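K.L.:
I am attaching a structure below and will ask some questions about it afterwards.
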Amino acid sequence: MGLRLKFNLVLIVVFLAGFAAAGLVSRQLLQENAREEVIRDARLMMEAAISVRTYTVEQVRPHLIQMMDEVFLPQTVPAFAATEATNHLRKKYKEYSYKEATLNPTNPRNRTLDWEADVVNRFRNYADVKEVVAERASSTGRSLFIAHPIQISNPACLQCHSTPAAAPPSMLKIYGEANGFGWKHNEIVGAQVVTVPMEVPLRNADRAFTTFMASLAAVFVAVFIVLNIMLSWLIVRPIRKMSESADKISTGEFGEPEFNEKGGDEVAVLGSSFNRMRRSLEKAMQMIGDQ
């Protein structure tokens, strides 16, 4: 096994180990960054919905509440306003969704699905849990959702949700008396659920990973070629010449020119030592011949 082959084998083994380690670390890091990006988008959407709710309670509802006896205006309901606002967003970003999932809603569109009911019950069973972040498979692919509990902390909400007798007649005309009642103060009745797709960020992460690994491989190939050229020119070529010259000198052929002794590296020092040995051997052979 020649020097070049040994060097290349060691270099390839080191590269493969480094390539595998870099791939493992970079892929995990890119996947985590993609997930954090999705979580940021979900939190932003959640905060937008909360802002719409707050605006409705503080700026819209006080001006329209007096009309509730004559006509029910769903625009005064914070949940309705937040849902409608995010529905406008979904016209452009269809994979994004916001829902005020409720176990016993007034509006049937807010009724919990099975997995949403599990999230709501988790909030109801564990009072210290204020947020749930998880992933699930949806019809559009892998998605991440953030959920916050909906708790009846404002007693004014019970006007529409305690008993049908206390609810505005105009609301009963629209939604009836069967749903959305029996809520209690400080009870957790549902969850705000924001769902954000993970397909695009994960695809971008995979693309970045592929680009990084391809670039790393290209750099290795370039370094491999350069190192082999340097190895051949600076080490293998001089040593091969010394070996060929040593073979000829061992048979008494001293016509080979001496090696260049310029430079201070190990090859130059070796060449200088070889030249001294060659001259000493040539003198010794001459002395033996003179006798």
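The values are calculated or read from the model by the stated rules, or taken from the named source; none is laboratory data. Treat the numbers as computed from the prediction; the structure is a model and nothing was measured. Cβ coordinates were reconstructed from backbone atoms using ideal geometry, including for glycine residues, and neighbour counts include every protein chain displayed. These accessible areas exclude ligands, DNA and RNA; they are computed on the full protein's heavy atoms, side chains included. Shrake-Rupley method; radii C 1.70, N 1.55, O 1.52, S 1.80 Å.
K.L.:
For the range 159-193, which positions are open to solvent by 50 Å² or more (accessible area, probe 1.4 Å) and either among the hydroxyl-bearing types (S, T, Y) or closer than 30 Å to A34 by Cβ (or both)?
P.N.:
Of everything in the range 159-193, those that are open to solvent by 50 Å² or more (accessible area, probe 1.4 Å) and either among the hydroxyl-bearing types (S, T, Y) or closer than 30 Å to A34 by Cβ (or both) turn out to be T163, Y175.
K.L.:
All but one of (1) in contact (Cβ under 8 Å) with a residue 40 or more places away in the chain; (2) under 21 Å from the mean Cα position of the chain (by Cα) hold for M68, so report the exception by its number.
P.N.:
Only one criterion in (1) in contact (Cβ under 8 Å) with a residue 40 or more places away in the chain; (2) under 21 Å from the mean Cα position of the chain (by Cα) is unmet by M68, namely (2).
K.L.:
Further question on the same structure: Hey, G141 hits all of (1) out of contact with any helix residue (DSSP H, G or I) (no Cβ under 7 Å at 6 or more places or on another chain); (2) closer than 27 Å to L202 by Cβ but one; which does it fall short on?
P.N.:
Exception for G141: condition (1).
K.L.:
Continuing with the same structure: Is it the case that the range 99-121 has a residue that's more than 11 Å from A191 (Cβ to Cβ), among the polar types (S, T, N, Q), surrounded by fewer than 19 Cβ atoms within 10 Å (Cβ to Cβ) and under 26 Å from the mean Cα position of the chain (by Cα)?
P.N.:
no
K.L.:
Taking into account only those residues within the range 71-99 that are charged (D, E, K, R) and in contact with a Pro (Cβ under 9 Å, 6 or more places away or on another chain), which is farthest from A137 (Cα to Cα)? Lay out the reasoning, then the answer.
P.N.:
We begin by selecting, within the range 71-99, every residue charged (D, E, K, R); these are 84, 90-92, 94-95, 99.
Filter once more, keeping what is in contact with a Pro (Cβ under 9 Å, 6 or more places away or on another chain): 84, 95.
On the way: E84: 25, E95: 12 Å.
Once the filter is applied, the top-ranked residue is E84.
K.L.:
I've got another one for you. Does G255 satisfy the criteria of being open to solvent by less than 90 Å² (accessible area, probe 1.4 Å), outside any helix (DSSP H, G or I) and at pLDDT below 75? Full working, then the answer.
P.N.:
Working: open to solvent by less than 90 Å² (accessible area, probe 1.4 Å): yes; outside any helix (DSSP H, G or I): yes; at pLDDT below 75: yes.
The answer is yes for G255.
K.L.:
Being over 24 Å from L9 (Cβ atoms), modelled with pLDDT of 85 or more and open to solvent by 70 Å² or more (accessible area, probe 1.4 Å) is the requirement here; does E199 meet it?
P.N.:
Working: over 24 Å from L9 (Cβ atoms): yes; modelled with pLDDT of 85 or more: yes; open to solvent by 70 Å² or more (accessible area, probe 1.4 Å): yes.
Answer is yes for this residue.
K.L.:
Please count how many residues of the range 48-93 are open to solvent by less than 60 Å² (accessible area, probe 1.4 Å) and part of a loop (DSSP other than H, G, I, E, B).
P.N.:
Residues flagged as open to solvent by less than 60 Å² (accessible area, probe 1.4 Å) and part of a loop (DSSP other than H, G, I, E, B) within the range 48-93 amount to 4.
K.L.:
Report, ordered by the first and then the second residue, all pairs with beta carbons closer than 9 Å, sequence separation of six or more or different chains, a first member in the range 177-188 that is under 26 Å from K130 (Cβ atoms), and a second member that is part of a strand (DSSP E or B) and among the polar types (S, T, N, Q).
P.N.:
Final answer for the pair search is G180/T102; N186/Q151; E187/Q151; I188/Q151.
K.L.:
Condition first: open to solvent by 50 Å² or more (accessible area, probe 1.4 Å) and not aliphatic (A, V, I, L, M). Now tell me which residues in the range 131-158 satisfy that.
P.N.:
E131, E135, R136, S139, T140, R142, Q151, S153, N154, P155, C157
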